[in-house]
């Protein structure tokens with residue numbers, strides 16, 4: 001294996017490493033695979049799933065944590081918790097490390113002065129990457145200090161695991177019967193602003209409305225991180241049965257390749273009531289699928305929007321997409337996959353080299 005001159009830099013990636021598979025953990029996994037021949041990498045895993053070959057911050061091993069920081073040249077921080085994020089920044093600065101802070105989202109609703117204070121603390125980082133301009137604006141980050149860059153790294157499709165046999169069988173049978181395949185997903189089932197964050201409740205309701213309209217479809221909703229079926233999951237399972245949707249709506253709790261599921265689907269829905277820069281949406285566009293999403297943040301070109309938490313608008317837009325047949329939203333990522341990977345590799349290498 002040829003090793004680049006850049007490989008003498010030791011990069012410590014801090015954040016959730018899959019499984020479970022969510023937008024941030026998938027980004028970290030693909031980022032590593034994109035650049036693993038360019039730099040030395042180490043990890044501090046923040047995933048709730050502890051792995052034997054990864055140091056996990058939940059083990060509360062302070063000496064192991066400090067040793068990881070001390071042995072690195074660059075901290076590449078993807079933490080979702082604000083307090084943990086600040087901890088990494090403070091310790092990294094004490095050790096005089098270069099720090100890249102990636103903000104995949106900032107969904108809390110504190111007073112404006114809290115945003116401003118967070119923005120000041122984040123400036124301890126050498127460089128801040130935000131996935132959309134809204135985050136930079138809300139945190140009062142300067143253009144000199146921050147970069148707007150979507151987190152999307154294209155999947156290495158050849159390395160994606162095939163779908164489980166039972167799901168493939170369900171999809172193949174549905175396609176033979178002429179059914180539309182709709183999919184959506186959630187990292188975990190949780191609430192934001194006292195509403196269903198990922199919009200599973202809306203997906204179930206719109207499925208009921210499609211049945212009433214006698215539209216032929218199946219809807220597959222994947223929850224990737226429920227190790228045990230929690231109260232919300234069980235409640236939604238019960239609701240699906242009460243609405244007689246068992247033959248139409250399939251709630252799946254499994255770590256699977258959502259990219260492979262989108263490949264087999266006709267329509268991808270992202271009904272979240274808050275968001276950063278959704279990996280699901282970027283991948284759906286990359287695969288040239290119809291993508292329907294809430295209007296909570298600025299979405300990429302090619303996405304069909306519906307008004308956030310508006311069931312009637314969701315139903316209207318979804319029925320329109322189904323009626324449109326094979327027409328797609330747009331072709332955002334139609335360049336060669338290999339060239340897109342090369343472009344992103346060049347961007348990240350340049351970013352790291354110029355810290």
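The values are calculated or read from the model by the stated rules, or taken from the named source; none is laboratory data. Predicted model only: the values in this text are computed from it and were never measured. Glycine gets a Cβ as well: all are built from the backbone with ideal geometry, and neighbour counts include every protein chain shown.
Condition first: touching a residue at least 60 places away in the same chain (Cβ under 8 Å) and assigned to a strand (DSSP E or B). Can you find one or more residues in segment 104-126 that meet it? No, every residue in segment 104-126 fails to be touching a residue at least 60 places away in the same chain (Cβ under 8 Å) and assigned to a strand (DSSP E or B). Tell me whether segment 178-193 contains one or more residues that are in a helix (DSSP H, G or I) and farther than 29 Å from residue 130 by Cα. No - not one qualifying residue is present in segment 178-193. Among the residues examined, residue 269 qualifies as under 17 Å from residue 171 (Cβ atoms) and in contact (Cβ under 8 Å) with a residue 24 or more places away in the chain. Which condition from (1) more than 21 Å from residue 78 (Cβ to Cβ); (2) assigned to a loop (DSSP other than H, G, I, E, B) is the one that residue 272 breaks? The failed condition is (1).
When 137, 144 are screened for being surrounded by fewer than 15 Cβ atoms within 10 Å (Cβ to Cβ), in the same structural domain as residue 29 (by TED's automatic domain parsing) and not in a helix (DSSP H, G or I), only 144 passes. Each residue in segment 208-236 was checked for being in contact with a strand residue (DSSP E or B) (Cβ under 8 Å, 6 or more places away or on another chain) and within 24 Å of residue 177 (Cβ to Cβ), and 9 pass. Taken over segment 272-286, the criterion of being touching a helix residue (DSSP H, G or I) at 6+ places or on another chain (Cβ under 8 Å) and without any contact (Cβ under 8 Å) to a residue 24 or more places away in the chain is satisfied by 284 alone.
Residues that are more than 19 Å from residue 343 (Cβ to Cβ) and part of a helix (DSSP H, G or I) were ranked within segment 1-25; the one that is modelled with the lowest pLDDT is 5.
Residue 234 meets all of the listed conditions (1) outside any loop (DSSP other than H, G, I, E, B); (2) surrounded by 16 or more Cβ atoms within 10 Å (Cβ to Cβ) but one, namely (2). Counting the residues of segment 153-163 that are at pLDDT 90 or above and either in a helix (DSSP H, G or I) or surrounded by 14 or more Cβ atoms within 10 Å (Cβ to Cβ) (or both) gives 2.
Considering segment 34-49 alone, what residues qualify as being in a loop (DSSP other than H, G, I, E, B) and under 25 Å from residue 103 (Cβ atoms)? Matches in segment 34-49: 36, 38, 39, 46, 47, 48, 49.
In segment 262-277, which residues are farther than 21 Å from residue 205 by Cβ and crowded, with 21+ Cβ neighbours inside 10 Å? Across segment 262-277, the qualifying residues are 262, 276, 277. Residue by residue through segment 191-213, note down the ones that are under 27 Å from residue 230 (Cβ atoms), surrounded by fewer than 18 Cβ atoms within 10 Å (Cβ to Cβ) and in contact (Cβ under 8 Å) with a residue 40 or more places away in the chain. If the condition is that a residue be under 27 Å from residue 230 (Cβ atoms), surrounded by fewer than 18 Cβ atoms within 10 Å (Cβ to Cβ) and in contact (Cβ under 8 Å) with a residue 40 or more places away in the chain, then 192, 193, 195, 205, 209 are the ones that fit. Summed over segment 290-320, the residues that are crowded, with 19+ Cβ neighbours inside 10 Å, in a loop (DSSP other than H, G, I, E, B) and either more than 17 Å from the chain's Cα centre (by Cα) or in the same structural domain as residue 31 (by TED's automatic domain parsing) (or both) give a count of 1.
Residue 51 passes every criterion in (1) loosely packed, with under 15 Cβ neighbours inside 10 Å; (2) within 27 Å of residue 191 (Cβ to Cβ) apart from (2). Looking across segment 14-38, the residues that are surrounded by 22 or more Cβ atoms within 10 Å (Cβ to Cβ) and over 18 Å from residue 155 (Cβ atoms) come down to 14, 15.
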